[in-house]
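Some notes on the structure that comes next.
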Amino acid sequence: MSTQRRKKISAGAMAPMVAMEAYTRARVSRADSHLIRLRVSAVNGCRYCTAMHRRDARKDGWDDSRILAAELASSRADELPEDQRVVARFADAVTHIDGEESVPDELWAEVVRHRGESGAGQLLMEIVTINAWNRIAVATRLDPRSLKGVEERDIDPVRPS
C-alpha cells in the first residue's frame, strides 16, 4: 500500500465543509460531538481524524477510558449513559448506511426522545460532516503526525486486551 501524500483540496472546494463544521459546532454539544467524531472516525479507520479527536476530547477532560468507550461503542455500550448509547447507535447507522432501512424509525424515535426533533437533525449533520471529513482525510492520506498537540498515544493508542 502506498503512503504517498496527495494534493490538497482547493480552498474553494473546502468552503462548504468549513460551513458545515461551523453549523454543527454551534448546535451540537461538545460531549455529543466528541462521541460522534471519535466513533465515526474509528469506524471509518481515519487515523488523522481519530488522532485529532482524541486530542480534542482530552483537552475537554475526557480520559482514555471514555475515549475508548466512544470509539468502541458497539462493544462497550455498557460504559456509556443511555442517551449516549443512542447517539452512538445513530452514528453507526448513518455511517454504515445501506438503503432506507439503515436508520430504522425506532432508532430515529429514540434519538428524538433524547435530543428532540431539532436535535436529531443537528446530530445527523454532525455525523454527515465527520463522515465527509474522514473521506477527505483518508483519500488525501493526511498524516496524523502533522497535527499540533497530538501525542503518540493519540496516533497509536495501547488497547487493553
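Please state the shape class of the stretch 62-101: rounded when a/c is under 1.5, otherwise prolate if a/b exceeds b/c and oblate if not, all from the C-alpha gyration tensor. Prolate, since a/c reaches 1.5 and a/b exceeds b/c. Compared with the alpha-carbon gap, the fully stretched path from Ile9 to Ala109 is longer by 32.3 nm at 0.36 nm per residue.
Stretch Arg27-Ser75 to full length: gain in nm at 0.36 nm per residue minus the Cα-Cα span?
Additional length available on full extension: 14.5 nm.
Taking all C-alpha pairs of the stretch 33-103, those more than 13 Å from each other amount to 61 percent.
How big is the dipole moment of the chain about its Cα centre under a simple scheme where the beta carbon of each Lys and Arg is +1, that of each Asp and Glu is -1, and everything else is neutral? Debye, nearest 20, please.
1060 debye
Go ahead and estimate [θ] at 222 nm for the chain from helices alone: -39,500 (n - 2.57) per DSSP H run with n ≥ 4, summed, over the residue count, rounded to 500. The helix contribution divided over the chain gives -21500 deg cm²/dmol.
Give the ranking of Met52, Met125 by solvent-accessible surface, highest area first, calculated with a 1.4 Å probe. Show your work: numbers first, answer last.
On the way: Met52 40, Met125 70 Å².
Putting Met52, Met125 in descending order of accessible area: Met125, Met52.
Think of the stretch 37-161 as a dipole: +1 on every Lys or Arg Cβ, -1 on every Asp or Glu Cβ, centred on the Cα centre; then among Ala93, Leu80, Leu142, Leu142 lies furthest on the positive end. Give me the accessible area per residue for the chain, probe 1.4 Å, as a whole number in Å². Per-residue value: 55 Å². Treating each Cα of the stretch 14-63 as one equal point scatterer and applying the Debye formula with no solvent, the log10 of I(q)/I(0) at q = 0.20, 0.26, 0.33 Å⁻¹ comes out as -0.73, -1.07, -1.15. A 1.4 Å probe, protein heavy atoms only, puts the accessible area of Ser74 near 90 Å².
Stretched out straight at 0.36 nm per residue, the stretch from Ser65 to Val128 would grow longer than its current Cα-Cα span by 20.1 nm. Restricted to Cα atoms, the stretch 82-161 shows a radius of gyration and a Dmax of 15.8, 41 angstrom.
Only protein heavy atoms count here; on that basis, with a 1.4 Å probe, Asp154 has an accessible area of about 0 Å².
Using all pairs of distinct alpha-carbon atoms, the Kirkwood hydrodynamic radius of the stretch 1-143 works out to 15.6 angstrom. Give the carbon-plus-sulfur fraction of the accessible surface of the stretch 35-161 in %, rounded to a whole number; probe 1.4 Å, heavy atoms of protein chains only. Carbon and sulfur together cover 51 percent of it. What is the sum of charges, Lys and Arg at +1 and Asp and Glu at -1, for the other residues whose Cβ falls under 13 Å from the Cβ of Ser41? Here the count lands on +1.
This model, with +1 at the C-beta of Lys and Arg and -1 at the C-beta of Asp and Glu, gives the stretch 38-91 a dipole about its Cα centre of some 260 debye.
The values are calculated or read from the model by the stated rules, or taken from the named source; none is laboratory data. These numbers were taken from a predicted model, which means no experiment stands behind them. Glycine gets a Cβ as well: all are built from the backbone with ideal geometry, and neighbour counts include every protein chain shown. What goes into the accessible areas is simple: the full protein's heavy atoms, side chains included, and nothing from ligands, DNA or RNA. Shrake-Rupley method; radii C 1.70, N 1.55, O 1.52, S 1.80 Å.
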